[in-house]
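Inspection log for the structure reproduced underneath, given as structure tokens.
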Amino acid sequence: MSLLVVGLSHRSAPVSVLERASLSADAQAKLLHDALAAEPAAEAAVLATCNRIELYADVDKFHAGVAELSTLLAQHSGVGLEELTPYLYVHYEDRAVHHLFSVACGLDSMVVGEGQILGQIKDTLALGQELHTAGRLLNDLFQQALRVGKRAHSETGIDRAGQSLVTFGLEQLAAGESVEDWAKGKRALVIGAGSMSSLAAATLARTGVDEIVVANRTHARAERLVEILGEAGTAARAVAMADVARELTRVDVAVSCTGATGLVLTGEAVATALGLPPLAPAADPATVARLSDADHAALAEVAAAERAGLLADGAEPDGAAHQAEAVRSEAPDAAGCPVDLAALADAGITFAGPGVDALNAAPSVDVNSLELHGSWAERAERPQAGAGRGAPVPAGPVKLALLDLAMPRDIDAAVHRIPGVRLVDIESLAEASADAPMAADVDQVRSIVSDEVAAFGAAQRAAHITPTVVALRAMAAEVVAGEVARLEGRLPDLDDKQRSEVTQTVRRVVDKLLHAPTVRIKQLAAEPGGAGYADALRTLFDLDPETVAAVSRADLNDADVKNRGRS
């Protein structure tokens, strides 16, 4: 076995990179075909989810395989190889098996123990079978991974540690309140009608929302989902994607998970739905990158003052001196201000607000426009201690809760700057899940994974020697047949009964001579480092390599036929 996996996930790469590297269905198919066309790979399968992109292959050369698979991932994801490489991980042979089995059990998921990954692994196998890129090794591997994942969920309490990404996202939106209490009386909009969106709709229905509106590009799929929800007793209706903006004004929560390559909900659309003016354009990231550490620190102080209401729009003129004094207590005035105002002006940052005069021409910066583009606001508003990490909670009442489960994102990340909007997306879920406690059952699942990896490796090594054993027995059968034919030529008077007895006797002798060596060699071959026993057997009995190869090809064809109907 020469199994190799090259990939990246939420554990190795930031969400921004995963988002850019996401693969469409067409890109996955092209990637698999190109992987097989590449010299090192004999089989290939791609596992692509919101949180991971992994390419599995059976390769004959490790270093060439890593180089080729990495290059293919970069080409088909659209992220340059030099940029992608620092985030890639590589697993080989038993470590690759261990990785996939851990993934199948939910140990490597953003939400530990979640079971949705099993369906995604099943889809990966189905695609490999459909495109005939998954041969005997990958068929065996992914089918075993599905069995291991189901075993982990049935024999342990890993489900208590895990939950679906949808449930976890709704818990983040509820911000400490029980999801059922939070959802009571709410109307929800679900954008998309695929597997994740359908799960979101079903989860929202279980929480007890009053109504669910489903929007999808294919109206028939939205209607079908609405029909299922209605059968379960939930009020639901389907709308066209063109009606999303209008529906946004009528709902309390929206969940989006589509395969769109661009934004489905823009900041402008969300602001308009809430009757607010459009967001101010964000500052250029390159501009922010040019600011010095001192500039960042001073801007953070201004941000803190602004949030505290010290630079609020509409301040009375006689309050200007109070504002100025308050801000000066937090940050130096223009004469000693660490912000290089001239440099900021040259960089193209614009200033506005009543604090300009009060700060001796040290302007109140629209700090919100910088919030998404730099790490300078370390001292900005944070959740209270013990609240965990994740999406920021608006200071006032939440008018619209948004859950973005798509990769690449469906909802403009800037909407969290809109008053009354709470956004939870893949990035904030990744941060929040880092604080989630591990269940005690995780150790038991890890033990299951280790046992299953050992069993899979033993089975693969034993299977590797099977063609050689079959070829040996075929050669022995030919020897028996030849000797019986010679005996008939020498003793033509033998009757059928005598001839049958002689033939059976010779066969029994050969079988007894071969039984112990073949059983023992299968046992030895199943142990680590046992791959060389097949070569030894071929050498000792002078077996024709072409005969062994023919048996292997026959086994592969049989396995392919058997697996075509599986999913």
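Summary table below
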item: Test set (1) in a helix (DSSP H, G or I); (2) touching a residue at least 40 places away in the same chain (Cβ under 8 Å) - Leu189 fails condition number; result: (1)
item: Options Tyr92, Tyr87: the member that is of a type in the set (Phe, Trp, Tyr), open to solvent by 60 Å² or more (accessible area, probe 1.4 Å) and more than 25 Å from Gln460 (Cα to Cα); result: Tyr87
item: Within segment 42-66, tally of residues that are assigned to a strand (DSSP E or B) and open to solvent by 10 Å² or more (accessible area, probe 1.4 Å); result: 4
item: Matching entry among Asp451, Asp493 (being surrounded by fewer than 16 Cβ atoms within 10 Å (Cβ to Cβ), in a loop (DSSP other than H, G, I, E, B) and among the acidic types (Asp, Glu)); result: Asp493
item: Pairs where the first residue, in segment 137-148, is of a type in the set (Val, Ile, Thr) and the second is assigned to a helix (DSSP H, G or I), C-beta under 6 Å, 6+ apart; result: Val148/Phe101; Val148/Ala104; Val148/Glu452
item: Subset tally (residues that are part of a strand (DSSP E or B) and more than 17 Å from Gly65 (Cα to Cα)) for segment 76-91; result: 0
item: Extreme residue, surrounded by the fewest Cβ atoms within 10 Å (Cβ to Cβ), among residues of segment 230-251 that are of a type in the set (Gly, Ala, Ser) and farther than 23 Å from His416 by Cβ; result: Gly233
item: Long-range neighbours under 9 Å by Cβ, at least six apart or interchain, first residue farther than 18 Å from Ala174 by Cα and without any contact (Cβ under 8 Å) to a residue 60 or more places away in the chain within segment 399-424, second surrounded by fewer than 22 Cβ atoms within 10 Å (Cβ to Cβ) and among the charged types (D, E, K, R); result: Ala413/Glu427
item: Enumeration of residues in segment 215-230 that are under 19 Å from Arg187 (Cα atoms) and either more than 27 Å from the chain's Cα centre (by Cα) or β-branched (Val, Ile, Thr) (or both); result: Glu223, Val226, Glu227, Ile228, Leu229, Gly230
item: Flag for Ser178 being without any contact (Cβ under 8 Å) to a residue 24 or more places away in the chain, of a type in the set (Gly, Ala, Ser) and open to solvent by 20 Å² or more (accessible area, probe 1.4 Å); result: yes
item: Residue satisfying condition, being in contact with a Ser or Thr (Cβ under 6 Å, 6 or more places away or on another chain), closer than 18 Å to Ala42 by Cβ and not acidic (Asp, Glu), within set Val59, Val111; result: Val59
item: Cross-chain or 6+ apart pairs with Cβ under 6 Å, segment 6-28 first and part of a helix (DSSP H, G or I), then among the acidic types (Asp, Glu); result: Val15/Glu427
item: Matching residues in segment 188-215 - criterion: being touching a helix residue (DSSP H, G or I) at 6+ places or on another chain (Cβ under 9 Å), within 16 Å of Ala238 (Cβ to Cβ) and open to solvent by 20 Å² or more (accessible area, probe 1.4 Å); result: Gly194, Ser198, Ala202, Ala205
item: Residues (under 19 Å from Tyr87 (Cβ atoms) and not aliphatic (A, V, I, L, M)) located in segment 1-27; result: Gly7, Ser9, His10, Arg11, Ser12, Pro14, Ser16, Glu19, Arg20, Ser22
item: Of residues in segment 10-26 being among the small types (Gly, Ala, Ser) and open to solvent by less than 20 Å² (accessible area, probe 1.4 Å), the one nearest to Gln120 (Cα to Cα); result: Ala21
item: Test: Gln116 is of a type outside the set (Phe, Trp, Tyr) and open to solvent by 40 Å² or more (accessible area, probe 1.4 Å); result: yes
item: Qualifying residues in segment 383-417 (those that are under 26 Å from Val17 (Cβ atoms) and at pLDDT below 75) - the one most open to solvent (accessible area, probe 1.4 Å); result: Arg389
item: Residue match in segment 72-81 (condition: open to solvent by 40 Å² or more (accessible area, probe 1.4 Å), under 15 Å from Met407 (Cα atoms) and without any contact (Cβ under 8 Å) to a residue 60 or more places away in the chain); result: yes
item: All positions within segment 418-427 that are open to solvent by less than 20 Å² (accessible area, probe 1.4 Å) and either within 21 Å of Ala271 (Cα to Cα) or at pLDDT below 80 (or both); result: Ile418, Gly420, Val421, Arg422, Leu423, Val424, Asp425
item: Hits in segment 138-158 (condition: open to solvent by 10 Å² or more (accessible area, probe 1.4 Å), within 23 Å of Ala42 (Cα to Cα) and over 17 Å from the mean Cα position of the chain (by Cα)); result: Asp140, Gln143, Gln144
item: Exclusive hit being charged (D, E, K, R), free of Cβ contacts under 8 Å to residues at least 12 places away in the same chain and open to solvent by 20 Å² or more (accessible area, probe 1.4 Å), set Asp108, Asp123; result: Asp123
item: Condition met for Glu483 (modelled with pLDDT of 90 or more and part of a helix (DSSP H, G or I)); result: no
item: Residue in segment 140-160 that is in contact with a helix residue (DSSP H, G or I) (Cβ under 9 Å, 6 or more places away or on another chain), of a type outside the set (Phe, Trp, Tyr), closer than 30 Å to Thr261 by Cβ and not in a helix (DSSP H, G or I) present; result: no
item: Count - residues of segment 252-275 that are open to solvent by 60 Å² or more (accessible area, probe 1.4 Å) and not small (Gly, Ala, Ser); result: 4
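This table checks each residue for (1) without any contact (Cβ under 8 Å) to a residue 60 or more places away in the chain; (2) closer than 25 Å to Gly194 by Cβ.
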residue	(1), (2)
Arg52	yes, yes
Ala64	yes, no
Pro86	yes, no
Asp94	no, no
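The values are calculated or read from the model by the stated rules, or taken from the named source; none is laboratory data. All figures in this text were calculated on a predicted structure; none of them were measured in a lab. Virtual Cβ from ideal backbone geometry, glycine too; neighbours counted across all protein chains shown. Accessible surface areas use protein heavy atoms only, side chains included; no ligands, DNA or RNA. Shrake-Rupley method; radii C 1.70, N 1.55, O 1.52, S 1.80 Å.
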